[in-house]
Amino acid sequence: MFDFFKTKKNYEDVNASTFNILIKENPNAIIIDVRTPAEFKQNAIQGAINIDAMNSNFNQKIAELDKSKIYFIYCRSGNRSGSACKMMGNAGFENLYNLSGGLMKWVN
């Protein structure tokens, strides 16, 4: 009845196991860590690039990315990455995967 209040979700939340499998199945995909640079330096998923979702230039940084690529987005708990996925989806990205539970659930 109130579907017009719902915003379209342009990304998929996946658990750590699925996230890992999808990364391996898509070697040309881009892994983005949306935590702060300090958090990124402490530990990160191999091959990830860091684009801080809380930085004022986040939208500018994602505008420079190729929208046709597949993106795997993560943070510490999945909250910032979920917000980042929503922003990227609203910017026209279609192949987005959010690590549900973030690095707290990641085991590699």
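When Met88 is tested against the conditions (1) under 20 Å from Lys105 (Cβ atoms); (2) assigned to a helix (DSSP H, G or I); (3) in contact with a helix residue (DSSP H, G or I) (Cβ under 9 Å, 6 or more places away or on another chain), the lone failure is (1). What about Asn98, is it of a type in the set (S, T, N, Q), over 16 Å from Ala29 (Cα atoms) and not in a loop (DSSP other than H, G, I, E, B)? Answer is no for this residue. Only residues that are surrounded by 14 or more Cβ atoms within 10 Å (Cβ to Cβ) and farther than 20 Å from Val14 by Cβ were counted in region 28-54, giving 5. Among the residues making up region 75-95, those that are out of contact with any Ser or Thr (no Cβ under 7 Å at 6 or more places or on another chain) and either of a type in the set (D, E, K, R) or crowded, with 23+ Cβ neighbours inside 10 Å (or both) are Arg76, Arg80, Ser81, Ala84, Cys85, Lys86, Met88, Glu94.
Of the residues Phe72, Phe19, only one is surrounded by 20 or more Cβ atoms within 10 Å (Cβ to Cβ) and more than 10 Å from the chain's Cα centre (by Cα); which? Within the list Phe72, Phe19, the selection yields Phe19.
Within region 81-94, can one find any residue that is over 19 Å from Ala16 (Cα atoms), touching a strand residue (DSSP E or B) at 6+ places or on another chain (Cβ under 7 Å) and aromatic (Phe, Trp, Tyr)? Yes - at least one qualifying residue is present in region 81-94.
Values in this text are rule-based calculations from the coordinates and carry no lab data. Because the structure is a prediction, the values reported are computed rather than measured. Virtual Cβ from ideal backbone geometry, glycine too; neighbours counted across all protein chains shown.
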